[in-house]
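Engineer: Please read through the structure below; I'll follow up with questions.
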Amino acid sequence: MINILFVDDEPGYQTAFQRLMARRKDACVRCSASGEEALAILESFAADIVITDVTMPGMNGFNLLKMIKIRHPLTFVVVITGFGTVDQAVEAMKLGACDYLVKPFDPDGVRRVLDRLIAHRDLLSRNL
């Protein structure tokens, strides 16, 4: 089972992601509308992967990424944004993101990223 936390203040993207993941029988998905709420959820929900938007009211995705890397260093983080730039992608990777996607996200691209991260997680767990 893979636990995924999707963080985006736009309900339409939360719904689209939940629909995309509904086909996966091995995924448990939770959604959050803010970085602050996501951190609270992570205290009781052991997410393997967090997918976060960059631009949100309050705590932005980069600050959330920093906090996750401090509090939950083994959690994979994927950053998504509707206003992607090369500088933002580089910043995300420097902060520890595993990948960077531009909205509207391509369902096949999201699946490929998740499959890669799940395989990586499984490999790490076998070697620990």
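Engineer: Taking every pair of alpha-carbon atoms in the chain, what share in percent sits in each 10 Å bin, from 0 to the bin with the longest distance?
Structural biologist: With a bin width of 10 Å, the distribution comes to 13, 49, 34, 4.
Engineer: Could you tell me the relative contact order of the chain? Use alpha-carbon pairs under 8 Å, at least six residues apart, and round to a whole percent.
Structural biologist: The normalised contact order for the chain reaches 21 percent.
Engineer: Per the Kirkwood formula on distinct C-alpha pairs, the Rh of region 1-55 is how many angstrom?
Structural biologist: So the Kirkwood estimate lands at 11.2 Å.
Engineer: Assuming R0 = 22 Å, what is the FRET efficiency of Arg71 and Met1, from their Cβ-Cβ distance, to the nearest 0.05?
Structural biologist: Step by step, r from the Cβ atoms, then E = 0.55.
Engineer: Sticking with this structure for a sec: Over region 62-116, what per residue volume does the convex hull of the Cα atoms give, in whole Å³?
Structural biologist: Per residue, the Cα convex hull of region 62-116 comes to 76 Å³.
Engineer: Can you give the helix-only mean residue ellipticity at 222 nm for the chain, where every DSSP H stretch with n ≥ 4 adds -39500 (n - 2.57) and the sum goes over all residues, rounded to the nearest 500 deg cm²/dmol?
Structural biologist: When only DSSP H runs of four or more count, the value is -15000 deg cm²/dmol.
Engineer: For region 79-86, just list the computed ³J(HN,Hα) in residue order, Karplus coefficients 6.51, -1.76 and 1.60, θ = phi - 60°, integers in Hz, with x standing in for Gly and Pro.
Structural biologist: 9, 10, 7, x, 10, x, 9, 4
Where a number appears in this text, it was derived from the coordinates with a stated rule and is not lab data. Remember, predicted model here, so these are calculated numbers, not experimental data. Every residue, glycine as well, gets a Cβ built from its backbone with ideal geometry; the counts of neighbours run over all protein chains shown.
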